[in-house]
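This report refers to the structure that appears directly beneath it.
The values are calculated or read from the model by the stated rules, or taken from the named source; none is laboratory data. Owing to the predicted nature of the structure, the values given are computational and were not obtained by experimental measurement. In this analysis, Cβ positions are derived from the backbone assuming ideal geometry, glycine residues included, and neighbour counts consider all displayed protein chains.
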Amino acid sequence: MTFVPVIPEAYSHVLAEFESLDPLLTALRLDSSRLRCTSIAVSRKWLALGSTGGGLNLIQKDGWKQRLFLSHREGAISQIACCSHDDDYVAVATSQGLVVVWELNQERRGKPERIHVSSEHKGRKVTALCWDTAVLRVFVGDHVGKVSAIKLNTLKQAKAAAAFVMFPVQTVLTVDSCVVQLDYLDGRLLVSSLTRSFLCDT
């Protein structure tokens, strides 16, 4: 049984390390002076780290083993979002404003594949990414206040039936300033700008 000391009431915050982080630090290979970590995201299975070189490191949380490295020629990774209801999907935004969605193909032990590249926000800074909690849809917000939704056709769906989506990307709304937060739950999208918050029925 682990001993947890009693915290005096005078302290409002506690920083604790319950297990050694050495395996994680080894997997991260933080000895490079050329590459810097630019973004981070977590899911039930993965710790995802984006870098200035356009690389996305996906490290399995169980044992902190380096599992996947996905490269992007479209610039540094600025945002990452792991799909909360399916660990096989991850979306990243690059410094050029492109959004790339990957299907990791872990169930079939295949190679990860890009299933969608969106240029809807090209030339802008993507400031927020968020997954729908029920279906494969990614919400994207940028520095001028535009919010879009990317509806995905997965490789699994395409092989089961020849599905065709006419408009996979649509503008959800445009807000008054930079989008600083996106969150989604039970059919509602929360969009926060620098001045106000919006709750959208989607």
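Things worth noting here:
- When the criteria are applied in full, Q170 fails the requirement of being closer than 23 Å to S43 by Cα and either modelled with pLDDT under 95 or assigned to a strand (DSSP E or B) (or both).
- Qualifying residue in segment 138-156 (condition: within 18 Å of K45 (Cα to Cα) and aromatic (F, W, Y)): no
- Count - residues of segment 89-113 that are charged (D, E, K, R) and either within 13 Å of A41 (Cβ to Cβ) or buried (at least 21 other Cβ atoms within 10 Å of the Cβ) (or both): 1
- Segment 57-67 - residue that is assigned to a strand (DSSP E or B), touching a Leu at 6+ places or on another chain (Cβ under 7 Å) and without any contact (Cβ under 8 Å) to a residue 40 or more places away in the chain and, of those, farthest from S78 (Cα to Cα): R67
- Among the residues listed as S20, S71, the single one being at negative phi, modelled with pLDDT of 90 or more and loosely packed, with under 14 Cβ neighbours inside 10 Å: S71
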